[in-house]
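These notes are about the structure you will find just below.
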Amino acid sequence: MADEEAVPGAEGPLVTVTFQRTPHKKQKYLESQPKALGVAQIALSVFYISSVIVMFTNSMSMLVEDLTHVIGSMFVIIAGSLAIAAQNLHLPTLKACLGMQVVACVASVINLIVSVSDMAGHRHGYSCWKYVEINSTDHNDSCYSITDSTAHYFAELVLIHTALIAISVTLAAYCCKVVNCCSPGQRMPVITLQVPPAQQ
């Protein structure tokens, strides 16, 4: 048999395009600063629980409402802990973090609604009484001062829940980028060129 000449391009195509998974996709989660956001979630929830306990011990709220606040805040604390734990970029931990951030967001929305209704109910439900028999200018001033301060207190709780919702949504979005729950995984194109051997 005669020797065959090598025909350029006979071994395969000159250009091949393949798609590979992005190698550092999990690093996207670390861009969200999960440790800082998780600590913020935990700190705000602990502050909120302590505030609810103070309100309950001073007989300024009802047990049923306080129980929903505490349970919702416990979910947020668990979500914050998982956000910190997910820094190891272990996929099951990231999935658990995503699920708990969604639960924490729902719990924070419920707590926000209850806090807004408490604030509105407090504004319309409590008023300062004036007694005709007693010259109570000092009592009226004290009463209005307390009413105003509790309105500010409820507004602060509403602000805390708004911040917790924003943190939960942010962490859930970054978890979703890594877990690919909303879109197919990103693939990076790899172009390979095969140079034909030089003819001599």
At 7 Å along the Cα-to-beta-carbon direction for both C143 and A43, put a label point, then send me their distance in nm to one decimal. 4.0 nm
Mind listing the long-range amide H neighbours of H90? Cut-off is under 5 Å, sequence gap 5 or more, other chains count too, H placed in the peptide plane at 1.01 Å from N. none
What distance in nm lies between label points placed 7 Å from Cα along the C-beta direction at T170 and M74? 2.7 nm
Pairwise label distance in nanometres, I113 with V158, each label 7 Å out on the Cα-Cβ vector: 1.6 nm
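Each reported figure results from applying straightforward, stated rules to the coordinates on display, with no laboratory input. Predicted model, so just to flag it, every value in this text is computed and none were measured. Virtual Cβ from ideal backbone geometry, glycine too; neighbours counted across all protein chains shown.
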